[in-house]
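K.L.:
The structure under discussion is supplied below as structure tokens; questions concerning it will follow.
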Amino acid sequence: MAPRPLVLLHGLGQSPIAWQDFVSAYGAGRPMTAPWMKGLKPKDPVGFDLGDAASGVADELELQGVKQADLVGVSVGASVALRLAVERPELVGRLVLGGALVRPGRGALRMQRLAMRLVPESRLVDAGVSRPRMLAVLDALKGFDGTESLRAVTAPVLLVAGSRDKAGIVAAQELSQHLPTARLQVIDGAGALVNTESARELADLTHAFLDEPDP
């Protein structure tokens, strides 16, 4: 049986090119795609909706004739992957998630807004992202609580956090309590955006997880 395609969903402040090192480390043998998510594309109107972003990924898969895919997501990409698993479970095989924003605290969102405002414009341009779109994501997540729907997720889930991301580890531990199929793996020395900070380690963990026999 041919392996399922692998969909890579980037994090806040990133563009699809952020997956370049991960793809190189993962190697050949599985079709991969790293789409822009709806609301984050450079030509999209400023504004973000988690459901619309998940629907956009689903539409992309259906256009490609993909019946089921595995997803790797970080930050807001992980949240979109989870939303897709809730709304369109037949499309999702397995999930690898780093730093999913499921019930972000107001303090954490304020810190992220401040951090986003401090990022030099030139760095954002180099990454292919815009500050207004990133701030729109944080605004959309105010008061968001997606934990109630998580018990509907039936796909096997690997939660990944960097050892230097203490808040991310706590959030992943809380998330695992709502996901009956999840387990947590901590990458030593990594921060929040594990796809760029520890691409090789994330690729190795993903490879091993996706190669496990389906339950």
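The values are calculated or read from the model by the stated rules, or taken from the named source; none is laboratory data. Just so it is clear, the model here is predicted, and its values are computed rather than measured. Virtual Cβ from ideal backbone geometry, glycine too; neighbours counted across all protein chains shown. Note: accessible area is taken over every heavy atom of the protein model, side chains too, but ligands, DNA and RNA are not part of it. Shrake-Rupley method; radii C 1.70, N 1.55, O 1.52, S 1.80 Å.
K.L.:
Considering (1) in contact with a Ser or Thr (Cβ under 8 Å, 6 or more places away or on another chain); (2) open to solvent by 10 Å² or more (accessible area, probe 1.4 Å), say which one Asp49 fails and leave the rest.
P.N.:
(1)
K.L.:
Restricting attention to the stretch 1-17, which residues are within 12 Å of the chain's Cα centre (by Cα) and assigned to a helix (DSSP H, G or I)?
P.N.:
Answer for the stretch 1-17, where residues must be within 12 Å of the chain's Cα centre (by Cα) and assigned to a helix (DSSP H, G or I): just Pro16.
K.L.:
Examine the stretch 193-202 for a residue that is acidic (Asp, Glu), modelled with pLDDT of 90 or more and over 23 Å from Leu12 (Cβ atoms), and state whether such a residue exists. Even if it seems obvious, please write down each step before you answer.
P.N.:
Taking the stretch 193-202 first, the residues acidic (Asp, Glu) are 197, 201.
From the residues that got through so far, the ones that are modelled with pLDDT of 90 or more too are 197, 201.
Remaining after also requiring over 23 Å from Leu12 (Cβ atoms): none.
Within the stretch 193-202, none of the residues are acidic (Asp, Glu), modelled with pLDDT of 90 or more and over 23 Å from Leu12 (Cβ atoms).
K.L.:
Out of all the residues in the stretch 1-22, which are modelled with pLDDT of 95 or more and either open to solvent by 60 Å² or more (accessible area, probe 1.4 Å) or of a type in the set (Asp, Glu) (or both)?
P.N.:
The answer is Gln20, Asp21.
K.L.:
Condition check: closer than 25 Å to Pro45 by Cα, open to solvent by 30 Å² or more (accessible area, probe 1.4 Å) and either more than 17 Å from the chain's Cα centre (by Cα) or modelled with pLDDT under 80 (or both). Does Arg123 satisfy that?
P.N.:
Numbers: closer than 25 Å to Pro45 by Cα: yes; open to solvent by 30 Å² or more (accessible area, probe 1.4 Å): yes; either more than 17 Å from the chain's Cα centre (by Cα) or modelled with pLDDT under 80 (or both): yes.
Answer is yes for this residue.
K.L.:
All but one of (1) in contact (Cβ under 8 Å) with a residue 12 or more places away in the chain; (2) over 16 Å from Leu101 (Cα atoms) hold for Ala2; state the number of the condition that does not hold.
P.N.:
Failing condition for Ala2: (1).
K.L.:
Across the stretch 176-210, which residue is most open to solvent (accessible area, probe 1.4 Å) among those that are within 12 Å of Pro156 (Cα to Cα) and part of a loop (DSSP other than H, G, I, E, B)?
P.N.:
Step by step, filter the stretch 176-210, then rank; the result is Pro180.
K.L.:
Taking the stretch 163-175 as the search range and keeping residues that are open to solvent by less than 60 Å² (accessible area, probe 1.4 Å) and outside any helix (DSSP H, G or I), which one is nearest to Ser75 (Cα to Cα)? Give the derivation first.
P.N.:
Initially, the stretch 163-175 is screened for residues open to solvent by less than 60 Å² (accessible area, probe 1.4 Å), giving 163, 165, 168-169, 171-172, 175.
From what is left, the residues that are outside any helix (DSSP H, G or I) are 163, 165.
On the way: Ser163: 16, Asp165: 12 Å.
Going through the qualifying residues, I end up with Asp165.
K.L.:
Applying the selection to the stretch 35-68, what residues are free of Cβ contacts under 8 Å to residues at least 12 places away in the same chain, more than 14 Å from Pro132 (Cα to Cα) and not in a helix (DSSP H, G or I)?
P.N.:
If the condition is that a residue be free of Cβ contacts under 8 Å to residues at least 12 places away in the same chain, more than 14 Å from Pro132 (Cα to Cα) and not in a helix (DSSP H, G or I), then Gly65 is the only one that fits.
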